[in-house]
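What follows is calculated from the coordinates using simple rules that are stated; it is not laboratory data. Just so you know, these numbers come straight off a predicted model, no measurement behind them. With ideal geometry, Cβ positions are generated from the backbone for all residues, glycine too; neighbour counts draw on all protein chains shown.
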Amino acid sequence: MMLLVISEEHKEHLSFLLNVDTAVVAEFGRIALEFLRRGSSPKIYEGAARKLCVPVDLVQHGVEGLMFLMTESSKHMISEVDFLDSVLALGFGDELNQILLQLYLQHHSEIRSILSQLPSTLPAYHNLEWRLDVQLASRSIRQQVAPTLMMRLLLKRGTGEITSSSSSSSVVLQTDPSTLLHLISTLEAALAAMKTSHSRRILRNIK
């Protein structure tokens with residue numbers, strides 16, 4: 001289960017869609033997808049604003065709100081049910097929700113492909129190296145078992161392979177097995193809690 005967290009700003013931008021025909025919503029979706037492919041164009045905003053007789057920034061915010069909705073949904077590969085649950089927070093009617101859902105279902109694969117080709121400044125997972133060290137004795141204790149898990153997390157920037165130290169980084173982590181097991185159980189409990197209907201209602205209305 002995965003629900004989008006939509007900020008008040010994006011909710012406000014998307015609320016513009018309540019005041020236009022469904023055909024206009026579909027056109028905004030087409031513009032948003034075109035902008036993802038080729039970049040934004042002020043002339044297109046101006047042309048759409050003249051046709052609708054509304055300010056340019058209103059059109060721009062509506063298109064950008066749609067771009068956010070489609071890219072975030074595609075990035076996280078959310079399901080059809082989760083998409084509809086996410087847009088419920090926007091207060092749209094069933095017809096508008098279905099139009100947005102069809103836009104997402106028709107284009108999410110292409111959007112993911114476009115996003116994968118964009119350069120990223122954030123580090124991404126590349127590989128994980130680990131080693132288990134066990135101390136069997138020390139000067140003070142002749143017999144003991146003290147296991148320690150050493151992990152080296154390799155990160156890369158962008159979408160290419162690691163080619164130099166300037167494009168990669170690493171983080172060294174150390175823990176004991178009991179702490180690692182506690183962390184795993186805590187994450188599993190959090191994941192299970194996210195799937196409950198109570199959590200879905202909270203996330204639907206979160207600000």
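Computed over the range 1-63, the P(r) tail beyond 14 angstrom holds 59 percent of alpha carbon pairs.
Counting 0.36 nm for each residue step from Asp133 to Ala190 and taking away their Cα separation leaves a gain of 17.6 nm. With R₀ set to 41 Å, the beta-carbon distance separating Lys51 from Leu153 gives a calculated FRET efficiency near 0.20. Within the range 38-134, the ratio Rg/Rh, alpha carbon atoms throughout and Rh by Kirkwood, equals 1.14. What the phi angles of the range 85-97 give under the Karplus curve with 6.51, -1.76 and 1.60, with θ = phi - 60°, is a coupling list of 5, 5, 7, 4, 5, 7, x, 7, x, 4, 5, 5, 4 Hz, glycine and proline written as x.
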